[in-house]
Every structure is written in C-alpha cells, then in structure tokens.
Amino acid sequence: MSGTDVLRLESVRKTFGSQVVLRDVDLAVPEHSVTALIGASGSGKSTLMRCVNLLEGIDDGAIFLDGSEITDPRADVDAVRRRIGVVFQSYNLFPHMTVLENITLAPRRVHGVGRAEAEARALELLDRLGLAAKAKEYPDRLSGGQQQRVAIVRALATGPRLLLLDEITAALDPVLVGEVLMVVRDLKEQGMTMVLSTHEMGFAREVADRVCFLDGGVVLEQGPPEQVFGDPQEERTRQFLSRVV
Ligand code: ADP
Ligand code: MG
C-alpha cells in the first residue's frame, strides 16, 4: 500500500436493505490532493462520505485512513472522526451559540484544548477566511455564504487530516457560491487533502486533481479532470456531463 495515501477505499460495498448503494468502490486519495465526486443525485456520493466518516457501516471491503483500517471493528470511531473534518450542504451551526462558540466547541469538549488556545486558533482561522469581525455574532446574523465559511472553519478547528465537503454550495444563493469556493481554493493551496462532491462542474474541473464519476453506486470512471471532462470514456459519463455542464 502506498504510504502517501491519506484515504483509501478498497472494494467498498454498502447496502440499504436490498438496495446496493455502493458497489466495489475503489478510491485512493493521496496527501495534499483534491478528489471531486460527481454523479447524479442518488448515485452514492453522500453515502460514500458518510462511510468514510463512519456515520454508516459498510457491508464489505475496507477503508483506510493513513494506512490503518478504520472499518476494522476494533477501530476507535471517535479518534477517526477527530481526524476527519466534515462540512455538509446545510451549515448545521448551533443557532444558540456565537460563531466563536460554534468553532471552539469540538476542540474544547472533544480534544480537551483550553479555552484561550481554542479561541486563539479559531480567531486565526476566522481571520484567514475574512470573518474575524463575526466572531461574536450568532449564525442567524450571517449570510448563507458566511455561515458556510464558519462551518468550514469549524471543521478545520480540530486540525483534521482530511476534509470531506458534501455539496457545500448547493444550498447557497448563486451570488454567495463564489466566496465559499474561494475558501476551498485557498485550502487546496495550503495543501489540505480533500474529498468533495459538487454539482459545480466548472469548479470540479478547476480545483480537483482527480474526478470520480459515480453512477448507481459504481465508480464508472475516474481520472484527472482533463480526461474525465475532456475525453470521457464511458457513454454514461458523456450523458451526465451533457446534462449538467
Ligand atoms: P447522492 O449523495 O449522490 O445524491 P446518496 O448517497 O445520498 O446519493 O444516496 C444514494 C442512494 O442511497 C439513494 O438511492 C438513496 O435513496 C439511498 N440512501 C441514502 N441514505 C439512505 C438511508 N439512510 N436509508 C436508505 N436509503 C438511503
Ligand atoms: Mg448527496
């Protein structure tokens, strides 16, 4: 096994009842790389990420984080989740907590970081994302784009090895999408390893090192964006791209 893959999926199978939602999924995510999952609604993108974060168990195959199998029943689920930051389509900020409290909650409660240190780190991250002035605000005082950027800061606050971003711009007003995508670009520049799902094909093409097309729970095609977007090998990929681009 390559020592530089942060994440690896090997022959992952996931079913819900009689429905096979992921079938024989292989995926390797090298350190500092960005992988974009694309595919129609229901193709399994969210389920794949939920399996990586151990929110769902898998039926067969294995998932490795930094070379150790996290789907092993003896794996420490909390320890795994601490190393993976997740941002979903809906920001899921706690409405009764300020921005700063939202961000420092996990470092303080889960990681045992002291308040001063957690707040200093949160403010540094907020500053980097142009949100330092919002630290004491409650989420409902922020725009959707700002809330989603706070959710990204919150996911980064624990210093994760891997960031999973599941359609993080899908719920946003189109004028706010850009500011969130800018953050993802910055994170890529800083070397953050990321797996994201998106319907923004232009963005996937630009930011991803690898694009993975899921079709009915099967990885039908994967490769560099120039290849998957520019010269898709599968008819189903061509059909999908002709619908969304
Ligand atoms: P995507 O994110 O690509 O839209 P999902 O991973 O959300 O796809 O869904 C893949 C398939 O799994 C869909 O058919 C969906 O209905 C099904 N599915 C997802 N979550 C559950 C669940 N908790 N129980 C049953 N079926 C589910
Ligand atoms: Mg989804």
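Every residue, every condition in (1) in contact (Cβ under 8 Å) with a residue 40 or more places away in the chain; (2) part of a helix (DSSP H, G or I); (3) on the phi < 0 side of the Ramachandran plot, yes or no:
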{"residue": "163", "(1), (2), (3)": "yes, no, yes"}
{"residue": "179", "(1), (2), (3)": "no, yes, yes"}
{"residue": "205", "(1), (2), (3)": "no, yes, yes"}
{"residue": "219", "(1), (2), (3)": "yes, no, yes"}
{"residue": "229", "(1), (2), (3)": "no, yes, yes"}
{"residue": "233", "(1), (2), (3)": "no, no, yes"}
{"residue": "238", "(1), (2), (3)": "no, yes, yes"}
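Go through segment 199-235 and report how many residues are over 22 Å from the mean Cα position of the chain (by Cα) and either among the small types (Gly, Ala, Ser) or closer than 23 Å to residue 170 by Cα (or both).
1
Check segment 85-100 and report whether any residue there is within 16 Å of ligand 2 (Cβ to nearest atom), part of a helix (DSSP H, G or I) and among the polar types (S, T, N, Q).
For segment 85-100, residues within 16 Å of ligand 2 (Cβ to nearest atom), part of a helix (DSSP H, G or I) and among the polar types (S, T, N, Q): absent.
Quick one: in segment 163-181, which of the residues that are more than 16 Å from ligand 1 (Cβ to nearest atom) and of a type outside the set (Val, Ile, Thr) is farthest from residue 142 (Cα to Cα)? Talk me through it step by step, then tell me what you get.
Pass one, segment 163-181, residues more than 16 Å from ligand 1 (Cβ to nearest atom): 163, 172-181.
Checking the rest, the ones that are also of a type outside the set (Val, Ile, Thr) come to 163, 172-174, 176, 178-179, 181.
On the way: 163: 23, 172: 13, 173: 13, 174: 16, 176: 12, 178: 16, 179: 13, 181: 17 Å.
For segment 163-181, the residue satisfying everything is 163.
Examine segment 65-88 for a residue that is within 16 Å of ligand 1 (Cβ to nearest atom), surrounded by fewer than 20 Cβ atoms within 10 Å (Cβ to Cβ) and either touching a residue at least 24 places away in the same chain (Cβ under 8 Å) or over 20 Å from the mean Cα position of the chain (by Cα) (or both), and state whether such a residue exists.
yes
Could you please let me know if residue 207 is closer than 25 Å to residue 58 by Cβ, among the β-branched types (Val, Ile, Thr) and in contact with a strand residue (DSSP E or B) (Cβ under 7 Å, 6 or more places away or on another chain)?
no
How many residues are in a strand (DSSP E or B) and surrounded by fewer than 18 Cβ atoms within 10 Å (Cβ to Cβ) when one looks only at segment 24-60?
4
Across segment 27-60, what is the number of residues that are more than 9 Å from ligand 1 (Cβ to nearest atom) and over 25 Å from residue 206 (Cβ atoms)?
Residues that pass the stated criteria total 8.
Contact list please: Cβ distance under 7 Å, first residue in segment 5-32 and at positive phi, second residue more than 16 Å from ligand 1 (Cβ to nearest atom) and not in a strand (DSSP E or B), pairs at least six apart or on different chains.
32/191
Look at residue 243 and say whether it is out of contact with any Gly (no Cβ under 6 Å at 6 or more places or on another chain) and surrounded by 13 or more Cβ atoms within 10 Å (Cβ to Cβ). If you could, list the steps in order and put the result at the bottom.
Working: out of contact with any Gly (no Cβ under 6 Å at 6 or more places or on another chain): yes; surrounded by 13 or more Cβ atoms within 10 Å (Cβ to Cβ): no.
Considered against the rule, which asks whether it is out of contact with any Gly (no Cβ under 6 Å at 6 or more places or on another chain) and surrounded by 13 or more Cβ atoms within 10 Å (Cβ to Cβ), residue 243 comes out as no.
Output the number of residues of segment 106-128 satisfying the condition of being of a type in the set (Lys, Arg) and exposed (fewer than 13 other Cβ atoms within 10 Å of the Cβ).
So the answer is 2.
Read-outs: derived from the displayed coordinates by stated rules, not from any lab. As the structure is a computational prediction, the values presented were derived from the model and not from experiment. Heads up, the Cβs are rebuilt from the backbone with ideal geometry, glycines too, and the neighbour counts pull from every protein chain shown.
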